[in-house]
Amino acid sequence: MIAGPATVHPLVRRLNEADLDRIMEIELDVYPYPWSRGIFADCLRVGYDCWGLQVGQDLAGYTIQSHVAGENHLLNLCVAREYQNIGYGSILLEHAIRLARRQECFCVFLEVRPSNRAGMVLYQKNGFEVIAERPDYYRSDLGKENAIVMRLDLSL
């Protein structure tokens, strides 16, 4: 019997300052209006929940979350372009939801661009519901784009 190539299983792990270069590579490639390195450094410094998806030696994606008063806010979920459409976004989102439950949060909030169809589908597939729209929330090539505010009820 011939053995096939070794399967690399993704691992969710805490992010640290050593990850900032790769985070910025991903962020700059995926988003037309990316967060700055300073924003990510501040998130790490102040103790936000910063998690990465490690695939072999490569950081394939990340999430940034905060929580207060029983509410969790998913601030950023991003998967590197070369790792998209193979389930890694789902792994990161499922981890984010488990983390919110462990923190005894009763809900998770997030904002998503209406133009981010893949994100909308991912969040809805995982039980998030649209609850509001924030006008002119994101910068866009046309000036501004609204944000769709979504909520996942964890008390169900």
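Brief remarks on what is shown
- Residue 123 within 24 Å of residue 20 (Cβ to Cβ), under 15 Å from the mean Cα position of the chain (by Cα) and among the aromatic types (Phe, Trp, Tyr): no
- Per the conditions (1) more than 22 Å from residue 39 (Cβ to Cβ); (2) out of contact with any Gly (no Cβ under 8 Å at 6 or more places or on another chain); (3) in contact (Cβ under 8 Å) with a residue 24 or more places away in the chain, the sole criterion not satisfied by residue 146 is (1).
- Residues that are open to solvent by 40 Å² or more (accessible area, probe 1.4 Å) and touching a residue at least 40 places away in the same chain (Cβ under 8 Å) within the range 26-55 comprise 29, 31, 32, 33, 35, listed in sequence order.
- Number of positions in the range 31-55 that are assigned to a strand (DSSP E or B) and modelled with pLDDT under 95: 0
- Positions within the range 87-110 being hydrophobic (A, V, I, L, M, F, W, C) and out of contact with any strand residue (DSSP E or B) (no Cβ under 9 Å at 6 or more places or on another chain), in sequence order: none
The values are calculated or read from the model by the stated rules, or taken from the named source; none is laboratory data. Treat the numbers as computed from the prediction; the structure is a model and nothing was measured. All Cβ positions, even for glycine, are placed from backbone atoms using ideal geometry, and neighbour counts span all protein chains on display. Please note that ligands, DNA and RNA were not included when accessible areas were found on the heavy atoms of the full protein model with its side chains. Shrake-Rupley method; radii C 1.70, N 1.55, O 1.52, S 1.80 Å.
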